[in-house]
């Protein structure tokens, strides 16, 4: 089994409110998918804020 390498930025995302919620919500935790979900949610929030400013 290989150990994935995560950056400090990735670990900060896992430890965020959204990250912890995503990790705890699933029965079988797949860190790669959770990280992808967190990044998507973060990007979506940024885009929504940008849209509101317009």
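The table below lists the values:
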item: Count - residues of the stretch 5-17 that are in a helix (DSSP H, G or I) and over 15 Å from residue 33 (Cα atoms); result: 4
item: Where a residue in the stretch 18-43 is in a loop (DSSP other than H, G, I, E, B) and its partner, wherever it lies, is modelled with pLDDT under 80, with Cβ under 8 Å and at least six apart; result: 29/23
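The values are calculated or read from the model by the stated rules, or taken from the named source; none is laboratory data. Nothing here was measured: the structure is a model prediction, and the numbers come from that model. Don't worry about glycine lacking a Cβ; one is built from the backbone with ideal geometry, like all the others, and counts go over all protein chains shown.
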